[in-house]
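Since the structure comes first, as structure tokens, the remarks are kept for the end.
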Amino acid sequence: MTVDAETGDEIVEVPLTALSLLDCPLFNKGSAFPEDERAEFGLHGLLPPHVGSIDEQLDRRYRDFEQKRTELQQHIYLRDLQDRNEVLFYRLMADHITEMMPLIYTPVVGEACQYFSRTYRRPRGLFVSYEHRANLETILENRPYRDVDVIVVTDGERILGLGDLGVGGMGIPVGKLSLYTLCGGINPARTLPIFLDAGTDNEEALADPLYLGWRHPRMRGTEYDDFIEQFVSAVTRVLPNTLLQWEDFALPNARRLLDQYRDRLCTFNDDIQGTAAVSLAAILAAGHVSGTRLADQRVAILGAGSAGTGIADQIVTAMVAEGRTEREALAQLWLVDRDGLLHSAMTGLQPFQRRFAQPLERLEGWAHESGGYTLGEVVKNVHPTVLIGTSGRPGTFTEEVVRAMAQHVDRPAIFPLSNPNSRCEATPADVIAWTDGRALVATGSPFPDVVFGGRTFAVGQCNNAYIFPGLGQGVIASGARRVPEDLFLASARALAEASPARTTLGGSLFPALENIASVSRRIALAVAGEAHRLGIADPVPLEQLERRIDARWWHPRYAKLRRRR
């Protein structure tokens, strides 16, 4: 890309002409191609004669969008637009971000993944089948664009709270990378969604004649691990400087793969670390409102899987940074899973869960039921200040539990984070009513504001999109070689500082989505600075990092095109 010396316009040299140019979503301008470019690229006759503006196109597309009757239809419409014209798609999304972001990601992306094989239209990214594992480098060379800054990869086994959706899981990397661009300014031509098809155990999918994935039971054990190793090895050879994000891997694999590869790759797992960082930001913001330090919080987490333990890990890191010892911090965390509170006498705990098992002697005098020590017992005996749900079990934050918590805490922080909405542990309206309007609430999926007692309470969405786009931009711009936990802590602190609840009564714990790009820029700068401080990136002055981030930031506007001869 060059810049016109007279006008300052970006100039991009393009080797495509005629229909091939119109079929390329990255360069297609549709009716907004100016006359000189129509002549240069052989477009006369292929477009209506009127030369329109992007504003006209936005008006036309939004009117068309409004005609779609269901959220799934709207999702499909937006994806079709992205496949035709990337600039127009991202500009439309940016202009209507509050309305449209839930449609391209949570919660609607879950339904889109379920219907992926039935609504499939055009390929995006790479589908890497177990059957083709011997040709992984060749497949990576088939990527649509040469330079890749970030990969999001899934094997489709644990999509949101919906389970194993097989090839339908591809909707998640596609959606995540759209947010990297929309919120974090990553050039869409430098992103790559990848689906690792290791089969599926979803019997309904396997029986569906329209299913597009590999029709085989899901690979397990050594065969699965070898497949992942072959993939990682191919990425390190073909795309060695790329940030790789693991997404929606099942509990037995998610933490294990992260631990196995975090020191070999510039990599992270958003379900574990991104969820943890955005949750920590909510806790920090809530603590500012209630006037309490993080080190003094007592935290109960319902759901001790990848997300729940990831949140707990991040809280421990932050508490230690505030002066607690690790042992003291662990004593403040109470994790409850399907078999009850994690404690030292439990058998069958995953390695990553054992760290959070409370000593059995601390539970002396507690009531013990056949299902173990319940969440209700934890609330009764611990008096938690923070209650977080990552269980995927709706209604588990009962009125009894919430009221019991609110008896001992003036401003309880209650975060039912499971999504989609049908999996939420409690609705914000109930939580606010049961606490007489005192609760500080954040949810995993979007909910409307709540009116209670003549006041309006803004409900913040504890959305990973507040973290990973800015984090990714900061990692890439700084040239960081690894993604340690300190970068997530820096992200959480930067996000918490932007919380409206710090300055507005009844304000959301999270900024409005309209401001997410500016928040992501703040996070990117914090992450880049922290990477520099840790010595995992080349030493660059802060002012230069800021200029580098701004120079890399992609904006949805049409560049001037020049034909490459």
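Of all helices (runs of 4 or more DSSP H) completely enclosed by segment 36-119, which ones contain at least 1 residues that are over 23 Å from Leu513 (Cα atoms)?
Details: elements: 54-66, 71-84, 86-95, 97-104, 108-114, 116-119.
Filter on segment 36-119 gives 54-66, 71-84, 108-114, 116-119.
For segment 369-408, enumerate the residues that are β-branched (Val, Ile, Thr) and touching a residue at least 40 places away in the same chain (Cβ under 8 Å).
Step one: of segment 369-408, the residues β-branched (Val, Ile, Thr) are 374, 378-379, 382, 385-386, 388, 390, 396, 398, 401-402.
Correct list: Val378, Val379, Val382, Thr385, Val386, Ile388, Thr390, Thr396.
Quick check: anything in segment 69-77 surrounded by fewer than 17 Cβ atoms within 10 Å (Cβ to Cβ), touching a residue at least 60 places away in the same chain (Cβ under 8 Å), farther than 30 Å from Leu561 by Cα and of a type in the set (Lys, Arg)?
No - not one qualifying residue is present in segment 69-77.
Does segment 111-156 hold any residues that are aliphatic (A, V, I, L, M) and either in contact with a Lys or Arg (Cβ under 7 Å, 6 or more places away or on another chain) or buried (at least 16 other Cβ atoms within 10 Å of the Cβ) (or both), and which are they?
Applying the first criterion (aliphatic (A, V, I, L, M)) to segment 111-156 yields 112, 126, 128, 134, 136, 139-140, 148, 150-153.
Those that are aliphatic (A, V, I, L, M) and either in contact with a Lys or Arg (Cβ under 7 Å, 6 or more places away or on another chain) or buried (at least 16 other Cβ atoms within 10 Å of the Cβ) (or both): Ala112, Leu126, Val128, Leu136, Ile139, Leu140, Val148, Val150, Ile151, Val152, Val153.
Would it be correct to say that Gln544 is open to solvent by 20 Å² or more (accessible area, probe 1.4 Å) and outside any loop (DSSP other than H, G, I, E, B)? Explain how you work it out, then say what you get.
Details: open to solvent by 20 Å² or more (accessible area, probe 1.4 Å): yes; outside any loop (DSSP other than H, G, I, E, B): yes.
For Gln544, the condition - open to solvent by 20 Å² or more (accessible area, probe 1.4 Å) and outside any loop (DSSP other than H, G, I, E, B) - is met.
Any residue that is within 30 Å of Glu364 (Cα to Cα), among the β-branched types (Val, Ile, Thr) and part of a strand (DSSP E or B) - is there at least one of those in segment 390-398?
Taking every residue of segment 390-398 in turn, none turns out to be within 30 Å of Glu364 (Cα to Cα), among the β-branched types (Val, Ile, Thr) and part of a strand (DSSP E or B).
Return only the number of the condition from (1) open to solvent by 20 Å² or more (accessible area, probe 1.4 Å); (2) at pLDDT below 95; (3) not aromatic (Phe, Trp, Tyr) that Ile159 does not satisfy.
Ile159 satisfies every listed condition except (1).
From Thr443, Thr456, which residue is surrounded by 22 or more Cβ atoms within 10 Å (Cβ to Cβ) and under 30 Å from Ala498 (Cα atoms)?
Thr443
I'm told Pro384 meets every condition in (1) outside any loop (DSSP other than H, G, I, E, B); (2) buried (at least 21 other Cβ atoms within 10 Å of the Cβ); (3) at pLDDT 95 or above except one. Can you identify the failing condition by its number?
Only one criterion is unmet by Pro384, namely (1).
Can you spot a residue in segment 300-318 that is without any contact (Cβ under 8 Å) to a residue 24 or more places away in the chain and over 18 Å from the mean Cα position of the chain (by Cα)? Before the answer, list the steps.
Going through segment 300-318, the residues without any contact (Cβ under 8 Å) to a residue 24 or more places away in the chain turn out to be 316.
Checking which are over 18 Å from the mean Cα position of the chain (by Cα) leaves us with 316.
Yes, segment 300-318 contains a residue that is without any contact (Cβ under 8 Å) to a residue 24 or more places away in the chain and over 18 Å from the mean Cα position of the chain (by Cα).
Which residue is farthest from Glu141 (Cα to Cα), if the candidates are limited to segment 215-250 and must be surrounded by fewer than 15 Cβ atoms within 10 Å (Cβ to Cβ) and polar (S, T, N, Q)?
The qualifying residue farthest from Glu141 (Cα to Cα) is Thr222.
If Asp259 satisfies all but one of (1) outside any loop (DSSP other than H, G, I, E, B); (2) open to solvent by 10 Å² or more (accessible area, probe 1.4 Å); (3) touching a helix residue (DSSP H, G or I) at 6+ places or on another chain (Cβ under 9 Å); (4) within 28 Å of Tyr115 (Cα to Cα), what's the number of the condition it fails?
The single condition Asp259 does not satisfy is (4).
Of these, Ala524, Ala490, which one is part of a helix (DSSP H, G or I), surrounded by 23 or more Cβ atoms within 10 Å (Cβ to Cβ) and either without any contact (Cβ under 8 Å) to a residue 60 or more places away in the chain or among the aromatic types (Phe, Trp, Tyr) (or both)?
Working: Ala524 fails: either without any contact (Cβ under 8 Å) to a residue 60 or more places away in the chain or among the aromatic types (Phe, Trp, Tyr) (or both).
Of the residues listed, the single one that is part of a helix (DSSP H, G or I), surrounded by 23 or more Cβ atoms within 10 Å (Cβ to Cβ) and either without any contact (Cβ under 8 Å) to a residue 60 or more places away in the chain or among the aromatic types (Phe, Trp, Tyr) (or both) is Ala490.
Is there any pair with a first residue in segment 345-368 that is farther than 18 Å from Val382 by Cβ and a second that is of a type in the set (D, E, K, R) whose Cβ atoms are under 7 Å apart and which are 6 or more apart or on different chains, and what are they?
That search, which allows pairs on different chains as well, returns Phe352/Arg255.
Can you find, within segment 354-370, the residue that is most open to solvent (accessible area, probe 1.4 Å) among those that are in a loop (DSSP other than H, G, I, E, B) and either more than 17 Å from Leu333 (Cβ to Cβ) or of a type in the set (Ser, Thr, Tyr) (or both)?
Pass one, segment 354-370, residues in a loop (DSSP other than H, G, I, E, B): 355-357, 359, 364-368, 370.
Applying the additional criterion that residues be either more than 17 Å from Leu333 (Cβ to Cβ) or of a type in the set (Ser, Thr, Tyr) (or both) yields 364-365, 367-368, 370.
Values: Glu364: 161, Gly365: 78, Ala367: 53, His368: 112, Ser370: 133 Å².
So the residue we want is Glu364.
Say we look at segment 415-440 and pick out the residues that are of a type in the set (Gly, Ala, Ser) and surrounded by fewer than 21 Cβ atoms within 10 Å (Cβ to Cβ); which of these is farthest from Ala492 (Cα to Cα)? Please lay out each step first, then the result.
First, the residues of segment 415-440 that are of a type in the set (Gly, Ala, Ser): 418, 422, 426, 429, 433, 437, 439.
When the remaining residues are screened for being surrounded by fewer than 21 Cβ atoms within 10 Å (Cβ to Cβ), the result is 422, 429, 433, 437.
On the way: Ser422: 27, Ala429: 26, Ala433: 29, Gly437: 26 Å.
Applying the filter and picking the extreme gives Ala433.
Which condition does Leu206 not pass, out of (1) open to solvent by 20 Å² or more (accessible area, probe 1.4 Å); (2) within 23 Å of the chain's Cα centre (by Cα), if it passes all the others?
(2)
Out of all the residues in segment 255-297, which are under 18 Å from Thr154 (Cβ atoms) and touching a Phe, Trp or Tyr at 6+ places or on another chain (Cβ under 7 Å)?
Of everything in segment 255-297, those that are under 18 Å from Thr154 (Cβ atoms) and touching a Phe, Trp or Tyr at 6+ places or on another chain (Cβ under 7 Å) turn out to be Arg255, Leu257, Leu258, Thr267, Asn269, Asp270, Gln273, Gly274.
Just the residues that are open to solvent by 30 Å² or more (accessible area, probe 1.4 Å) and either assigned to a helix (DSSP H, G or I) or farther than 24 Å from Ala490 by Cβ (or both), please, taken from segment 318-330. First the steps, then the outcome.
At the first step, the residues of segment 318-330 found to be open to solvent by 30 Å² or more (accessible area, probe 1.4 Å) are 320-328, 330.
Selection gives Val320, Ala321, Glu326, Arg327, Glu328, Leu330.
In segment 279-309, which residue that is open to solvent by 40 Å² or more (accessible area, probe 1.4 Å) and assigned to a loop (DSSP other than H, G, I, E, B) is nearest to Thr374 (Cα to Cα)?
Among residues in segment 279-309 that are open to solvent by 40 Å² or more (accessible area, probe 1.4 Å) and assigned to a loop (DSSP other than H, G, I, E, B), the one nearest to Thr374 (Cα to Cα) is Arg298.
Anything in segment 509-519 that is in a loop (DSSP other than H, G, I, E, B) and either out of contact with any strand residue (DSSP E or B) (no Cβ under 6 Å at 6 or more places or on another chain) or open to solvent by 20 Å² or more (accessible area, probe 1.4 Å) (or both)? List them, or say none.
The initial filter retains those residues of segment 509-519 that are in a loop (DSSP other than H, G, I, E, B), namely 509-512.
Hits for segment 509-519 are Pro511, Ala512.
From the residues in segment 32-46 that are in contact (Cβ under 8 Å) with a residue 24 or more places away in the chain and of a type in the set (A, V, I, L, M), which one is most open to solvent (accessible area, probe 1.4 Å)? Steps first, please.
Kept after step one, since they are in contact (Cβ under 8 Å) with a residue 24 or more places away in the chain, are these residues of segment 32-46: 32, 37, 40-43, 46.
Remaining after also requiring of a type in the set (A, V, I, L, M): 32, 43, 46.
Values: Ala32: 14, Leu43: 1, Leu46: 77 Å².
Per the criteria, the residue is Leu46.
Evaluate segment 178-190: report whether one residue or more is in contact (Cβ under 8 Å) with a residue 24 or more places away in the chain, open to solvent by less than 20 Å² (accessible area, probe 1.4 Å), part of a helix (DSSP H, G or I) and over 30 Å from Pro416 (Cβ atoms). If you could, list the steps in order and put the result at the bottom.
Residues of segment 178-190 in contact (Cβ under 8 Å) with a residue 24 or more places away in the chain: 178-190.
Next, only the ones that are open to solvent by less than 20 Å² (accessible area, probe 1.4 Å) stay: 178-181, 183-186, 188-189.
From what is left, the residues that are part of a helix (DSSP H, G or I) are 178-181, 183-184, 188-189.
Restricting the remaining residues to those that are over 30 Å from Pro416 (Cβ atoms) gives 188-189.
Within segment 178-190 (the criterion being in contact (Cβ under 8 Å) with a residue 24 or more places away in the chain, open to solvent by less than 20 Å² (accessible area, probe 1.4 Å), part of a helix (DSSP H, G or I) and over 30 Å from Pro416 (Cβ atoms)), the answer is yes, since at least one residue qualifies.
Got a sec? Which of Arg218, Arg264 is within 23 Å of Pro123 (Cβ to Cβ), part of a loop (DSSP other than H, G, I, E, B), in contact (Cβ under 8 Å) with a residue 12 or more places away in the chain and touching a helix residue (DSSP H, G or I) at 6+ places or on another chain (Cβ under 9 Å)? Before the answer, list the steps.
On the way: Arg264 fails: within 23 Å of Pro123 (Cβ to Cβ).
Criteria check complete, one pass: Arg218.
Test each condition in (1) hydrophobic (A, V, I, L, M, F, W, C); (2) modelled with pLDDT of 95 or more; (3) more than 29 Å from Ser520 (Cα to Cα); (4) open to solvent by 30 Å² or more (accessible area, probe 1.4 Å) for Val336 and report the one that comes out false.
Unmet for Val336, out of (1) hydrophobic (A, V, I, L, M, F, W, C); (2) modelled with pLDDT of 95 or more; (3) more than 29 Å from Ser520 (Cα to Cα); (4) open to solvent by 30 Å² or more (accessible area, probe 1.4 Å): (4).
The values are calculated or read from the model by the stated rules, or taken from the named source; none is laboratory data. Here the structure is a predicted model, which is why all the values come from computation and not from measurement. Please note: Cβ atoms are built from the backbone with ideal geometry, for glycine as well, and neighbour counts cover all protein chains shown. The area values use the complete protein model at the heavy-atom level, side chains included, leaving out ligands, DNA and RNA. Shrake-Rupley method; radii C 1.70, N 1.55, O 1.52, S 1.80 Å.
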